[in-house]
1. Looking at the range 172-192, which of its residues are assigned to a loop (DSSP other than H, G, I, E, B), in contact with a Gly (Cβ under 9 Å, 6 or more places away or on another chain) and surrounded by 16 or more Cβ atoms within 10 Å (Cβ to Cβ)?
2. Does GLY116 count as at pLDDT below 95 and in contact with a Phe, Trp or Tyr (Cβ under 7 Å, 6 or more places away or on another chain)?
3. Which count do you get for residues in the range 36-69 that are over 23 Å from THR208 (Cα atoms) and either of a type in the set (S, T, N, Q) or part of a strand (DSSP E or B) (or both)?
4. With over 17 Å from the mean Cα position of the chain (by Cα) and not assigned by TED's automatic domain parsing to the domain that holds PRO42 as the only criterion, which of ALA270, ALA310, ALA263, ALA252 stands out?
5. So how many residues does the range 112-171 have that are more than 26 Å from GLY216 (Cα to Cα) and either in contact with a His (Cβ under 9 Å, 6 or more places away or on another chain) or in a strand (DSSP E or B) (or both)?
Amino acid sequence: MPEHRPLAVSRRVAARLGVACLLLTAAAGCAGPDPLGGFAAPRAVHLAPDGRLLVTDQGTGDDDGTVVAVDLATRRRTVLLDRLPSTRGSGQQHADLAGPSGAAMAADGTVCAVIGDATREGAGFSTLRCSDGLVADLEAYERAANPDGRELASNPYDVAWDGRDGWYVSDAAANAVLRVDRAGRIRTVAVLASMAPFGGRPVQGVPTGLARAADGSLYVALFGGAPAEGGPAVVVALRPEQGVRGQARPVAAARSVAPIGVATTPQGLAVLDYGGGPADRGRGRILLVAGSADVGRVLAAGMDRPVGMARLPDGRYVIAETDRSRLRVLTPENARTSGPETTSQNRTVRAVGS
């Protein structure tokens, strides 16, 4: 009589099954808490080297920011960093909430998060904080180096592992991309004081979302200063290891109204477009762009001021809408308009192309 062995399911297949469960209402085999529900103020989302989804949650403003890893295959959530600085009195013009804004994981499992600016000196904001105990003071670096030569201000937005022994950080207020090594040493990788040299409107760069490609290129979304008119904003590409005197030469990679996130795909760059100014609701979209001269193809539209994006292995996208306290899973198709919405527990899923 032949031996019956349990069916082996690869992690890739399991991940796809897990995402399929997310796209269905509670049904046989998919019941249980929504692993993407219940976040207070989700911000940047990225895929970790182990395949889990890293969700950065700013919290409620009571020093309760977190970084959570979500395993879509098993539907399990693991808190990687908690009790991170978070406040409702940020002092910022367009956002009262400040806290952890982006997180990334290295191959050895070390997790680092950047804490956004709350205009509160010495309170733990404008820092890079890591699970190995590293704390890098980005505000102090801004005061010492002032990369763009303008107002002294630091508001780190996103972070990406550099593939070796350090971290890239986008500092939106400093108009710079920085690198922090494992010893906490900080240096400037690129200054992005204006978008004009890259074919964008002549305002400050305001670097936000980061994505590191397999070849080592670093893509940086330049959100652009207000107003969001008078020309496009841009996404630039850097090759940090080819930099002269420690700085890399940025080149235009894509253009859109207000790019705030970016992800690499086999077909080109996926660009998350905020859609305009802070008052513009429902104009967020995902564009697939083949190059700097390509106007892009709309993969999804109708998002409410999206601020973070991750591309799943099966081609779906997880989008963070902080102001609505939700994460959404979007399925891109060939159509340019959004179809009907369906609700899966605490999360709204919009099917595109119907």
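The values are calculated or read from the model by the stated rules, or taken from the named source; none is laboratory data. Given the structure is predicted, the values throughout are model-derived calculations rather than measurements. No Cβ is skipped: glycine too gets one built from the backbone with ideal geometry, and neighbour counts run over all protein chains shown.
1. Residues satisfying the conditions are ALA172, ASN175, LEU192.
2. On the way: at pLDDT below 95: yes; in contact with a Phe, Trp or Tyr (Cβ under 7 Å, 6 or more places away or on another chain): yes.
Taking the combined requirement at face value, the residue satisfies it.
3. Adding up the residues that qualify gives 1.
4. Numbers: ALA270 fails: over 17 Å from the mean Cα position of the chain (by Cα); ALA310 fails: over 17 Å from the mean Cα position of the chain (by Cα); ALA263 fails: over 17 Å from the mean Cα position of the chain (by Cα).
Just a single option satisfies the conditions, and that option is ALA252.
5. 0
Results for (1) within 21 Å of ALA176 (Cβ to Cβ); (2) surrounded by 23 or more Cβ atoms within 10 Å (Cβ to Cβ); (3) modelled with pLDDT under 95; (4) not assigned by TED's automatic domain parsing to the domain that holds GLU321, shown as yes or no for each residue.
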{"position": "LEU222", "(1), (2), (3), (4)": "yes, yes, no, no"}
{"position": "ALA226", "(1), (2), (3), (4)": "yes, no, yes, no"}
{"position": "GLY231", "(1), (2), (3), (4)": "no, no, yes, no"}
{"position": "ALA237", "(1), (2), (3), (4)": "yes, no, no, no"}
{"position": "GLN242", "(1), (2), (3), (4)": "yes, no, yes, no"}
{"position": "GLN247", "(1), (2), (3), (4)": "yes, no, yes, no"}
